[in-house]
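Notes follow once the structure below has been shown.
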Amino acid sequence: MEKIQKPNLTFWQLWNLSFAYIGIQLGYSLQGQMSGIYSSLGADDRILPLLWLGGPLAGIIVQPIIGFASDRTWIKGLGRRIPFLLAGGILAALMMVLIVNSKFIAGGWISAVLLAAIFFLFMDCSFNLSMQPLRSLMGDMVNDEQRNKGFAIQMVLLNIGAIVGFALPFVIAWALNALGWENEKIGGINISMSWSFYIGAAILLFSVLWSTIRVKEYPPKEFAMYNGLSEDDAKDKDSFWTILKTTPKVMFQLAIVQFFVWMGLFCMWNYGLNGVAQNCFGLERVNGVIDTNSADFVAAQNWWGIANAVLSVCALIFSFYWANLANKYGRKIVYSAALLIGAVGLISIFFIHDKYVLFLSMACLGIATAVFNGIPFAIVSANIPAQKMGVYMGIFNLAIVFPQIVFALFGGFLFDAFVGTEGNNVIMLVVSGVFMICAAISVVFVTDKGETATPELKK
């Protein structure tokens, strides 16, 4: 059956397709504060990777299942991907509220740390339930000419959410101080952090509802027409295992890159806050633990949020440019170069003791973030069958969560080897940078057959 070109979408149509990413990424950014929350509830540094295990476990279970299910779903009035986006957004908002009340809910019948880890697991499951359909939705709706532009706009919105999420704790703490109110701990968590999660949950719900109402997916007949399929062919009938066995080669090549990228990121998420607290705020570890009750730790926690907001601002800015660069020089060259810049940013933190100079390192990592959150999915969506977009995007997510599980299980051994009981957590950021260098080298072996230029971006 002859394939008909999908129509070019307006800027605002592309914007609405990904608007929910603002709330989802805001939640993910606040999730980056989980090490501080766990530490405040009494967790030891060494077990932080295990407490983070819920996140990647959620991704490895949820995303392939949701992708497989959404390829076979059509609910009149909602569509193929939107029902999953809506359900995930509602559940994620609920978990965000519960997580900062873990100590109250635990009530002595369960460890507050363990309960927070359980809520974290369900929160991440919900984020995955929402995020996976958004990536597939972009692949469903855009044509080849707008593919890079569509995923670049997705990264713009992602980074707007990240900026807000990272900055919220700092801004609320500043506001409390300006009003003369004490940023006291309630249930083991500072007021500024609790309010950040509450506000984040509200924004998440709003953004998900916005995309749910504004986006109209192509109905089955149009979807089939735009992809050169009969309506019957568009209904993928292959079993999950058949689809898994016929996974395109490029996804395995990208999986190697993703392994090193996400090992590095997960390492940074686990130890970045405490590393900066030691390197830039002068805190010391005593018997393997940092004093989380000190004013310096609260300052470090808030500043780490601001530093990550700087990262996201730079990622946002670069999101406007990488599509043009990818069309001019090729996606692989831009991908590899950005990862090397990110590696420089991570390793340089080891040498930084001024909290303002830290922004330069985070800016480098922001450039990498804009690219590794966009280009791999642009490559995958250009190299897979349209009727299997959801399930293959879900399978590809395994390349993100598997390295996180590996680090969660073995990160403690790396920590013992490089940091030990009295060492500085910042050493683990050097380890993160080495992982990023390995990722940049691995890009060389990726075959991007679907790479196409975007005429409108070359004008």
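The values are calculated or read from the model by the stated rules, or taken from the named source; none is laboratory data. Since the structure is predicted, the reported quantities are computational estimates derived from the model, not experimental observations. FYI the Cβ positions are ideal-geometry reconstructions off the backbone, even for glycines, and counts take in every protein chain you see. The area values use the complete protein model at the heavy-atom level, side chains included, leaving out ligands, DNA and RNA. Shrake-Rupley method; radii C 1.70, N 1.55, O 1.52, S 1.80 Å.
Flag not set for residue 335, criterion: out of contact with any Leu (no Cβ under 6 Å at 6 or more places or on another chain), closer than 21 Å to residue 55 by Cβ and among the hydroxyl-bearing types (Ser, Thr, Tyr).
Just one of the listed residues (439, 408, 399) is of a type outside the set (Ser, Thr, Tyr), within 23 Å of the chain's Cα centre (by Cα) and within 28 Å of residue 355 (Cβ to Cβ), and it is 439. Against the list (1) farther than 22 Å from residue 300 by Cα; (2) open to solvent by 70 Å² or more (accessible area, probe 1.4 Å), the condition residue 160 fails is (2). When the range 307-361 is filtered for residues that are within 17 Å of the chain's Cα centre (by Cα) and farther than 19 Å from residue 149 by Cα, the ones remaining, listed by number, are 307, 308, 309, 310, 311, 339, 342.
Taking the stated definitions as given, is residue 408 open to solvent by 20 Å² or more (accessible area, probe 1.4 Å), of a type in the set (A, V, I, L, M, F, W, C) and at pLDDT below 85? No: the conditions fail for residue 408.
Residues in the range 2-42 that are open to solvent by less than 10 Å² (accessible area, probe 1.4 Å) and of a type in the set (A, V, I, L, M) were compared, and the one that is farthest from residue 297 (Cα to Cα) is 14. Residue count for the range 4-25, restricted to those that are modelled with pLDDT of 90 or more and in a loop (DSSP other than H, G, I, E, B): 2.
One residue stands out among those in the range 329-347 that are open to solvent by 70 Å² or more (accessible area, probe 1.4 Å) and modelled with pLDDT under 95: the one that is farthest from residue 442 (Cα to Cα), which is 329.
For residue 223, the criteria (1) buried (at least 16 other Cβ atoms within 10 Å of the Cβ); (2) at pLDDT 80 or above; (3) over 25 Å from residue 192 (Cβ atoms); (4) of a type in the set (Phe, Trp, Tyr) hold in every case but one, which is (2). Taking the listed residues 350, 402, 413, the one that is open to solvent by 10 Å² or more (accessible area, probe 1.4 Å), free of Cβ contacts under 8 Å to residues at least 40 places away in the same chain and part of a helix (DSSP H, G or I) is 413, with no other qualifying. For the range 5-20, state whether one or more residues are touching a residue at least 12 places away in the same chain (Cβ under 8 Å), touching a Gly at 6+ places or on another chain (Cβ under 7 Å) and closer than 30 Å to residue 274 by Cα. There is no residue in the range 5-20 that is touching a residue at least 12 places away in the same chain (Cβ under 8 Å), touching a Gly at 6+ places or on another chain (Cβ under 7 Å) and closer than 30 Å to residue 274 by Cα.
Given the residues 326, 295, 299, which is the only one that is among the aliphatic types (A, V, I, L, M), open to solvent by less than 10 Å² (accessible area, probe 1.4 Å) and either out of contact with any Pro (no Cβ under 8 Å at 6 or more places or on another chain) or without any contact (Cβ under 8 Å) to a residue 12 or more places away in the chain (or both)?
326
For the range 172-186, the criterion of being over 23 Å from residue 68 (Cβ atoms), at pLDDT below 90 and crowded, with 24+ Cβ neighbours inside 10 Å is met by no residue.
The set of residues in the range 353-388 that are farther than 21 Å from residue 24 by Cα and outside any helix (DSSP H, G or I) comprises 353, 354, 355, 356, 357, 383, 384, 385.
The number of residues in the range 187-216 being in a helix (DSSP H, G or I) and more than 22 Å from the chain's Cα centre (by Cα) comes to 4.
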